[in-house]
Amino acid sequence: MTHSALLSFEQAKQILLDGTTSITEAQKVPLNWALERVLSADVIAPINVPQHDNSAMDGYALAFKGDKAGPNATFTFVGKSLAGNPFDGELNPGQCIRITTGGVVPKGTDAVVMQEHVERVEDHIRLTHNVDRGEFIRKCGSDIRQYQVLFRKGRRLTSVDVGLLASLGIADVSVFRRPKIVVFSTGDELQAPGNPLMEGQIYESNGVMLTLMAQKMGAEVENLGVIPDDKAAIAAALRNAGGRADAVICSGGVSVGEADYTKEVLSELGEVCFWKVASKPGKPFAFGHLNNSIFFGLPGNPVSSAVTFDQLVRPALDKLAGESHFTAPITYSAKLTGLIKRRPGRAEFVRAVAQQVDDELQVTPITNQSSGVLSSMSQANCYVLVQAEQGTLQPETVVSVQMFENRF
């Protein structure tokens, strides 16, 4: 279905998600290659963590009668348990062993006392504080129980997740294959970096930027470079890309300029779902289908291209990759330090700098909000999120802020 009207940002995002089908092909990869990959099956814990009762402190493992041992209680020293070298035996009441953090707690142990709370005298120790039963003992399986579901299918793995898998002795995981994405830019005015500029030309920046953003999400990306503003050339590029990619990302050619052919060619070769979004920056944005590929037509202005990728393309690529555990980006309340002059009608992503001042989060808009000024994205660390119905925002207004964090 083609939507010719100007869509709200939320309408466009929902159509994108509804029009994206997740990859189902799976493969096994070693942990070294698992970062940012999406699980194609649940991960079940093969062992308990910890595998044994162990000490949470450097100190002494004690055996005593009752619920606690009081100050001046004495215990005979009978050995030691070091991490990786456990004590071979069982403790009887009145006995103790030296134990290090992570050391296996032997049978008969009632508590561990930290070394600062004892006095060592030859072959015995004396307590200087009360010690409760169970103190400083980490029980077997208290972190992870054997056979529990550790991670669900559809989770995108972080470096900490991979470390946790390694701690369970898991050497490889089943993941969905990486999405294959083709990127290209259109425009006769574009010149590749490293070449001299001719009159009227500018250096092409969107291709490399979008390629790296997609790679950062774990995709396999091919950048075709610059395609001339020629209908036949654009059609050839779309046929080529659509036949071998899961997603095609094109920068430029979706506006209403005389030489903007991308939307026209897409409608002939596939389907255009929509091409206008009530968003600033990023009003000209096309979404559709090509053969077995989804198509994203991003604006040519570099800020518009970066913002629409971040806010619209990113969630669709997450779904394409098989991710099913979506969490909306965290927003924060902040006090505006400058004026945001605007008219209602479009949702706006204002580039800004947020900083903590005493106990208050303050946010200052970047002065130049032009969609052609990429330095505004480089200088900023957040968006001020402005709803479509809002007008001019005065200084001191409390606004919603979405941090860039590690998105770019």
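The values are calculated or read from the model by the stated rules, or taken from the named source; none is laboratory data. Model, not experiment: these values are computed from the prediction. Neighbour counts run over all protein chains shown; Cβ positions are idealised from the backbone, glycine included.
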### Pairs with Cβ under 7 Å, 6+ apart, first in the stretch 325-345 and in contact (Cβ under 8 Å) with a residue 12 or more places away in the chain and surrounded by 13 or more Cβ atoms within 10 Å (Cβ to Cβ), second among the polar types (S, T, N, Q) and not in a loop (DSSP other than H, G, I, E, B)
PRO329/GLN402; THR331/SER400; THR331/GLN402; ALA334/GLN362; LYS335/GLN362; THR337/GLN362; THR337/THR364; GLY338/THR364
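Restricted to the stretch 116-137, and to residues that are β-branched (Val, Ile, Thr) and in contact with a Lys or Arg (Cβ under 8 Å, 6 or more places away or on another chain), which residue is surrounded by the fewest Cβ atoms within 10 Å (Cβ to Cβ)? Reasoning before the result, please.
Let us first name the residues in the stretch 116-137 that are β-branched (Val, Ile, Thr), namely 118, 121, 125, 128, 131, 137.
Then drop every residue that is not in contact with a Lys or Arg (Cβ under 8 Å, 6 or more places away or on another chain), which leaves 118, 131.
On the way: VAL118: 22, VAL131: 25.
Once the filter is applied, the top-ranked residue is VAL118.
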### Summary
Every listed condition ((1) crowded, with 16+ Cβ neighbours inside 10 Å; (2) out of contact with any Phe, Trp or Tyr (no Cβ under 6 Å at 6 or more places or on another chain); (3) at pLDDT 95 or above) holds for TRP33 save (1)
#### Entry: Count of the stretch 39-69 residues which are assigned to a loop (DSSP other than H, G, I, E, B), buried (at least 19 other Cβ atoms within 10 Å of the Cβ) and either in contact with a Leu (Cβ under 9 Å, 6 or more places away or on another chain) or at positive phi (or both)
2
### Query
Hey, does the stretch 138-157 have a residue that's aliphatic (A, V, I, L, M), over 26 Å from HIS52 (Cβ atoms) and crowded, with 20+ Cβ neighbours inside 10 Å?
yes
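Considering every residue within the stretch 300-307, establish whether at least one is touching a strand residue (DSSP E or B) at 6+ places or on another chain (Cβ under 8 Å), free of Cβ contacts under 8 Å to residues at least 40 places away in the same chain, surrounded by 24 or more Cβ atoms within 10 Å (Cβ to Cβ) and not assigned by TED's automatic domain parsing to the domain that holds ASP42.
Quick first cut of the stretch 300-307, residues touching a strand residue (DSSP E or B) at 6+ places or on another chain (Cβ under 8 Å) only: 300, 303-305, 307.
Now narrow it down to the ones that are free of Cβ contacts under 8 Å to residues at least 40 places away in the same chain: none.
Looking through the stretch 300-307, none of the residues is touching a strand residue (DSSP E or B) at 6+ places or on another chain (Cβ under 8 Å), free of Cβ contacts under 8 Å to residues at least 40 places away in the same chain, surrounded by 24 or more Cβ atoms within 10 Å (Cβ to Cβ) and not assigned by TED's automatic domain parsing to the domain that holds ASP42.
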### Residue list for the stretch 165-222, filter: hydroxyl-bearing (Ser, Thr, Tyr) and without any contact (Cβ under 8 Å) to a residue 60 or more places away in the chain
TYR203, THR211
### Query
With LYS276, LYS263 as the choices, which residue is modelled with pLDDT under 95, in a strand (DSSP E or B) and not β-branched (Val, Ile, Thr)?
LYS276
### Task
For the stretch 10-38, name all the residues that are within 20 Å of the chain's Cα centre (by Cα), not in a helix (DSSP H, G or I) and not small (Gly, Ala, Ser).
THR20, ILE23, VAL29, LEU35, GLU36, ARG37, VAL38
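State whether one or more residues within the stretch 93-102 are within 30 Å of GLY297 (Cα to Cα) and surrounded by 15 or more Cβ atoms within 10 Å (Cβ to Cβ). Break it down into steps so the answer makes sense when it comes.
Of all residues in the stretch 93-102, those within 30 Å of GLY297 (Cα to Cα) come to none.
No: zero hits.
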### Query
Among the numbered criteria (1) among the aliphatic types (A, V, I, L, M); (2) crowded, with 20+ Cβ neighbours inside 10 Å; (3) more than 12 Å from ILE249 (Cα to Cα), which single criterion is violated by VAL162?
(2)
### Query
Where residues in the stretch 170-192 are modelled with pLDDT of 90 or more and outside any strand (DSSP E or B), which of them is nearest to LEU317 (Cα to Cα)?
PRO179
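Can we say ALA321 is crowded, with 23+ Cβ neighbours inside 10 Å and over 21 Å from PRO281 (Cα atoms)? Step through it out loud before you land on a result.
Working: crowded, with 23+ Cβ neighbours inside 10 Å: yes; over 21 Å from PRO281 (Cα atoms): yes.
So ALA321 passes the test.
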